[in-house]
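All of the numbers you see were taken from the coordinates with simple rules; none came from a lab. Quantities reported herein were computed from a predicted structural model and do not represent experimental measurements. Quick reminder, even Gly has a Cβ in these numbers, built from the backbone with ideal geometry, and neighbours come from all protein chains shown.
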Amino acid sequence: MRKKIVAGNWKMNTLPSEGMTLAKDVIAKSGQVNHDVELVVIPPFTHLSEIVKLASGTRVSVGAQNCAQWKSGAYTGEVSASMLQSLGVEYVILGHSERREYFGETNAELLEKIKIALDCKLKPIFCCGEKLNEREAGEHFQVVQQQVEESLFPLDDSSISNIVIAYEPVWAIGTGKTATAEQAQEMHAFIRNLLANKYGEATAETISILYGGSCKPSNAGEIFSKPDVDGGLIGGASLVADDFIAIAKSF
């Protein structure tokens, strides 16, 4: 049975004190959410240590927004997977569309990050998705297939089972546009079929695939009702505890 996950990507928002307040609020309200739904908060690096301590012993897990593709060394400004592991971080987002767009992350680099994250017992949330021009050109399946094949398919069966995938239609992030529930299901089913063809149907059925495009309380229920949608990677709505919890309650 696939794990249902609702993860909040805070991006470059909140000061540490504000983040602590938000995390406390999410933890306090987490009891409203069905216990088969895993809640994950993903704050900026500056907050991680304190929020991990705060969340310890609760049902809320903590993730990081990125990690380096190297284990250690002279890489000023980078944060390694082992550093995150030492704090007690459980998840790490890799390949977010903003990292690909603004920082030029490639599928090959992301494969290295994924391998290092897995070595450090972190659970990667691997993001994939197409831009507006790619969807309008009918290339969306091809784009996502290339991302998945180049960054995930070199992994063996045991490694792929520790991956969470987040499909983010880039054209629906921060634009107010949202993929329809049918569009989300179509791509999630396509991704799961890719996994089944490579790793077998039994393995593909264990991998959670999250929707990551402008999910909010008003549309989460319809999107989460689709058979291949296992939750959401939530952006702006995760900065308001009541909205984040309302989305998680949509299952």
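Computed quantities for the displayed model
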read-out	value
Listed residue pairs exceeding 19 Å between alpha carbons, taken from LYS29/LYS177; LYS24/LYS53; LYS123/LYS226; LYS3/LYS226; LYS177/LYS216; LYS121/LYS216	LYS29/LYS177; LYS123/LYS226; LYS121/LYS216
Antiparallel bridges, percent of DSSP beta bridges restricted to the range 4-248 (to nearest 5)	0
Cα gyration tensor shape for the range 77-170, rounded if a/c is under 1.5, else prolate or oblate	prolate
Cβ charges +1 (Lys, Arg) and -1 (Asp, Glu), total dipole of the chain, debye	660
Residue order, fewest to most beta carbons within 10 Å, for TRP70, TRP10	TRP70, TRP10
Helical contribution to [θ] at 222 nm, DSSP H n ≥ 4, -39,500 (n - 2.57), averaged over the chain, rounded to 500	-12500 deg cm²/dmol
GLU168, GLU109 arranged by Cβ crowding within 10 Å, fewest neighbours leading	GLU109, GLU168
Other-chain or far-sequence residues with amide H under 5 Å of GLY232's (modelled H)	ILE5, VAL6, ALA7, TYR211
Signed unit charges on C-beta, dipole axis of the range 4-248, positive-most listed residue LEU210, LEU152, TYR75	TYR75
Dimensionless Rg ratio for the range 1-95, taking C-alpha atoms and the 2.2 N^0.38 Å reference	1.10
Cα-based equivalent ellipsoid, the range 43-102: semi-axes from gyration tensor eigenvalues, Å	21, 14, 9
Max mean-square fluctuation residue, GNM over the chain, Cα-Cα springs under 10 Å, options GLY77, GLY88, GLY200	GLY77
Mean Cα-pair separation over length for the chain, i.e. relative contact order, pairs under 8 Å, 6 or more apart, %	22
Once the Cα gyration tensor of the chain is diagonalised, semi-axes √(5λ) in Å	25, 22, 17
Taking CYS127, CYS215, CYS120 and counting other C-beta atoms within 10 Å, the order from fewest to most	CYS120, CYS127, CYS215
